[in-house]
Amino acid sequence: MPKSINLHPFTVLALTAAVVTMTTAAGLWWLSCAVITVCVLVAGWTGHLRRLAVLSAAILIPTFASLLLIHGLVSQQASGLIAVAGPFRVTEGGLEAATVLGLRTAVLVVAGLLCTLLISKHQLVAAIDLSPAPPQVGYLLAATLFLLPHMADKQRTIGQAQALRQAGTGRGLSGWFQRVRLRAVPLVLASLQDAHDRSSHLSARGFPAAGSHTRLRTVADSVTQQRVRWISLLCAVVGPTAILAPFWGSA
Amino acid sequence: MIENQKNSRTGNTVLLDLKIERFRYSGAELDSLQHIEVNVAPGSLTVIVGESGSGKSTLGEVFAGILPRQGADQCLGTINLAGQRIEYTGLECQRINVAGWAKHVGLLPQEAGHYLSRIRERVAEELVFSLENEGVPRDEMCQRITALSTQLGLDHLLERDPAKLSGGQERLVALASLAISEPSIMVLDEPLAGLDAEATAAVTEMITRLRAGGTAMVVLSRTAKPWAGKVDALRTLANGQLSKASSDDLVQHSVFEPTQRRATPIEANVLLEFGDVQLVHPGAERPVLDGLDLQVRAGECVGLAGANGSGKTTVLKAAAGLLRPTAGSLAVSATTGMLLQNSSDQLFERTVLREVSFGLPKKGAQRSRVPEVLSQLGLEAFAETHPYELPASVRRLVALATVLVREPRTLLLDEPTEALDSAGLARLQEVIDSVLIRGGAVLLSTHDKEFMNRTTHWVHLMSENPEPTAPDS
């Protein structure tokens, strides 16, 4: 059971932004590795390690593979040659470039995914609703965040209805493709119908709010968290500039 | 544009005066409503009774300002509400701010789930969704939740995920979400459908209390029986036309002849057997039910009774093979077919004919049964109609047709009477009889006691169980 953390969603977002921008700007392999390690530890502590590992692997394995293909196997560098065969040239510099770029991407992916796992979408929507942001922002976010879960529920229901008629019950890859084919059109049509049926009642309930609005849900916050957010945002903007400024014009 | 931002509890003798000469949906060839006149006084209970397709839901949406749609539907008539007059002259009509209108007239739709926002995590938040959008202070929202949940017995649901409620619980939460906004007039489309006895009593009591406080109630229903003795104005709606009726006529009308129940052979085969079965929803921590023992024999019609959320649907889904027991044994020795509680979940094709034929082999014997089944359920005329365009009762019969065409020996029916009008009920009764006559069995869940007593050989009472924890979404 994942642990819930008592941090304001904006604090988590600001910290993530600061870490990702500064690590990317620094471009140091050991810093990237350290950030990834900290992310893994936080994920383990909060009970999200397995999901973080699966999701990260799904993105990073193809990313590393493509970086190796581009920089590692067909390197244009003349020095540090490790192996050569026809058009393929493996060099130390090429492998290093692939690793550094891969690690930079890994920081973005791992930290970003951890951020999405740590923040409850309901807390995030509530935080935006309770902030001075226009009501339309909360509405847009809610509509976006809850669309996929609704469609997932809907496709499960359609799947059950089809299974009752012995349709889409095949196994293996062909069974999976058959299910996708059978459910796709009903899913889109049912979702459109559902949106139509609900829209008038959502309007009747005043959604999206036109003016000032309140929330029953509370979002924990503190002066310390507010300070952390401001410092993090400052780091996210000024940090990369400060790191990269000495190198401007030298490239 | 009509903007009504303040509540209209004015103490006038008439809150709303609605006169609709005619109403026609965009693209329709016939009027859906004609010569409608309704006056609603504060604290009154108006019951409008009608069969499926009579125009009840359309009238409800006209009350709520959702219809007519500007520039699309044709409407001639006037509405006087809270000192304001709205005129409909054909395609030209004043634009109504639905949110402002809802402060005066709130509508609970027939499919109560459509009223829920689906973007709140807990029932407590869903209840105050409208209040949040109005900017009501948090303390006041908490007070209203406490008062309403105590009154309706919702305390055990407040922390639940609204998306994971049973059909009856969903209706109760939707009704509470409407009531918490305290509109001057509440229009309730089939408010008691699918509710257990306890919830029905709570809703009836709530309606009485709200009326005492000046809220006017307009109930749209297929039967006036639950409202006998309480109603101030009773009307019947047929073919879009409203007429006065006496409560005696309608109660008499709703009484059915009991069917002849055949004795079950003692040695009949067991078609369905649950032995000490435990059922858990995927992702849930606790079982929905545990230790279920139940046998259904050939020729038997068995009812499942119990409170909303007691696991009746789960038992039926397990019997249909949609859910595997986590403990105990479940033996299904004959083909099963299941009618889901919500017809919309079971329909996904473009026409009724395609819907009923879905998944059947093109040259099989079952495919040739499609016209016969459509005829059995009186659906021939709707063969080329889109299922979503049909009245709720006919849609329910289409869903039943998709089950019957496969000739299941064991028929599983989840709240089959919900949304059915008297003609639909008669068809359902015939279907159940035909299954039993050919040696099949029927297992059904319903809160309709009259139907349960009339149809079933015996009733299995679901035991009280702890509320299952909803899986993480």
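The values are calculated or read from the model by the stated rules, or taken from the named source; none is laboratory data. These numbers were taken from a predicted model, which means no experiment stands behind them. With ideal geometry, Cβ positions are generated from the backbone for all residues, glycine too; neighbour counts draw on all protein chains shown. For accessibility, only protein heavy atoms count, side chains too; no ligands or nucleic acids. Shrake-Rupley method; radii C 1.70, N 1.55, O 1.52, S 1.80 Å.
Note that region A:154-251 carries a Kirkwood radius of 19.7 Å, evaluated over its alpha carbons pair by pair. Here the average projected area of the convex hull drawn through the C-alpha atoms of chain A stands at 20.7 nm².
If you roll a 1.4 Å probe over region B:270-415 with all protein chains in place, what percent of the accessible area is carbon or sulfur? So the carbon and sulfur contribution to the accessible surface is 49 percent. Grouping the Cα pair distances of region A:205-251 into 5 Å bins from zero gives a pair-distance distribution of 5, 14, 12, 11, 11, 12, 11, 7, 6, 5, 4, 1 percent in increasing distance order. Remark: chain B carries 41 Å² of accessible area per residue (probe radius 1.4 Å; ligands, DNA and RNA excluded).
Bridges between two residues of chain B, per DSSP, are antiparallel at a rate of about 50%. Compactness of the protein assembly as shown was expressed as the Cα radius of gyration divided by 2.2 N^0.38 Å, which yields 1.12.
Residues of region B:102-146 whose accessible area, computed with a 1.4 Å probe over protein heavy atoms, drops by at least 40 Å² once all protein chains are present relative to their chain alone are B:His114, B:Tyr115, B:Arg118, B:Ile119, B:Arg120, B:Glu121, B:Glu125, B:Phe129, B:Glu132, B:Asn133, B:Arg138. The alpha carbons of region A:135-204 give a radius of gyration and a Dmax of 15.0, 46 Å, in that order. Peptides B:405-415, A:132-142, B:157-167, B:223-233 ranked from most to least packed give B:405-415, B:157-167, B:223-233, A:132-142, packing being the mean of other C-beta atoms within 10 angstrom over each peptide's residues. One quarter of the surface of the convex hull around the alpha-carbon atoms of region B:318-452 equals 8.8 nm², the direction-averaged projected area. Kirkwood hydrodynamic radius of chain B, from the reciprocal of the average inverse Cα-Cα distance over all distinct pairs: 23.7 Å. The share of alpha-carbon pairs in region A:1-78 lying farther apart than 15 Å comes to 71%.
Legend: residues in region B:344-371 shielded by at least 50 square angstrom of accessible surface upon adding the remaining protein chains to the isolated chain (1.4 Å probe, heavy atoms) are B:Asp345, B:Phe348, B:Phe358.
Could you name every residue in region A:206-224 that has 40 Å² or more less accessible surface in the full protein assembly than in its own chain alone (probe 1.4 Å, ligands and nucleic acids excluded)? Listed by number, the residues meeting the 40 Å² cut-off are A:Phe207, A:Thr214, A:Arg215, A:Leu216, A:Arg217. Of the cross-linked pairs B:Lys56/B:Lys244; A:Lys121/B:Lys103; B:Lys19/B:Lys225; B:Lys103/B:Lys225, which ones have a Cα-Cα span greater than 19 Å in the structure shown? Violating the 19 Å limit, Cα to Cα: A:Lys121/B:Lys103; B:Lys19/B:Lys225; B:Lys103/B:Lys225.
Note down the relative contact order for region A:135-204 as a percent, whole number, built from C-alpha pairs under 8 angstrom at least six residues apart.
About 28 percent, as a whole number.
Normalised by the number of residues in chain B, the mean separation of alpha-carbon contacts (under 8 Å, six or more apart) gives a relative contact order of 17 percent. For chain A, modelled as a Gaussian network with Cα springs under 10 Å, which listed residue fluctuates most, A:Ala57, A:Ala98, A:Ala161? Between A:Ala57, A:Ala98, A:Ala161, it is A:Ala161 that shows the largest mean-square fluctuation. Under the combined filter of DSSP loop state and at most 10 neighbouring Cβ atoms within 10 Å, region B:362-413 retains these GluC sites (Glu not before Pro): B:Glu384.
For chain A, the carbon plus sulfur part of the accessible surface works out to 71%, probe radius 1.4 Å.
Buried accessible surface for the B/A chain pair comes to about 4200 Å², total over both chains, computed with a 1.4 Å probe.
Most simply put, the protein assembly as shown has about 50% antiparallel DSSP beta bridges, counting only bridges with both residues inside it. Solvent-accessible surface of chain A, taken per residue with a 1.4 Å probe and all protein chains present: 57 Å².
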